[in-house]
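Notes follow the structure.
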Amino acid sequence: MKPTKQDLDLPTWLTPEGKALSCLEKIKVLNENLTEIRELCQEALEDAVLMGCDEPQVRQVLQELLDSLETPFENK
């Protein structure tokens, strides 16, 4: 079954100063991105396990992928 936005515990998006993001369009885009990322990761995990991969290793690889991401922008 495909996860939905209701399946996710969507965060309150914060600015670098720690204040809640107030632009509804930005919040909508961030929530949609998070939902899509979760769906893709879920599908990759399921595929890997069905093909005989070790689930903890797949989770570790996905975490390492996330940890390796860099932002092309300077923090303001």
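Provide L14, L8 in ascending order of the number of other Cβ atoms located within 10 Å of each residue's Cβ, fewest first. Each step should come with its number before you reach the end.
Numbers: L14 10, L8 14.
With the sparsest Cβ surroundings first, the list reads L14, L8.
Relative to the first principal axis of the alpha-carbon coordinates of the chain, what is the inclination of helix 55-68, with its axis defined by its Cα atoms, in degrees from 0 to 90 and to the nearest 10? Taking Cα atoms only, the helix is inclined about 30 degrees.
Only sites in a loop by DSSP and with at most 12 other Cβ atoms within 10 Å count here; which GluC sites (Glu not before Pro) in segment 10-47 make the cut?
Working: sites: E17, E25, E32, E36, E39, E43, E46; in loops: E17.
Those that pass, being in a loop and sparsely packed, are E17.
Relative contact order for the chain using alpha-carbon pairs under 8 Å, separation at least 6, rounded to a whole percent?
Values: 28 pairs, mean separation 19.7, N = 76.
Computed over the chain, the figure is 26 percent.
Rounded to the nearest 10 degrees, the angle from helix 24-50 to the longest Cα principal axis of the chain is 10 degrees. The candidate values are (1) 10.8, 29; (2) 15.4, 45; (3) 21.1, 51; the one derived from this structure for Rg and Dmax of the Cα atoms in Å carries the label (2).
Only the coordinates and a few stated rules stand behind these numbers; no lab work does. Because the structure is predicted, anything quoted here is derived from the model rather than measured. Note that we place each Cβ from the backbone using ideal geometry, even for glycine, and neighbour counts take in every protein chain shown.
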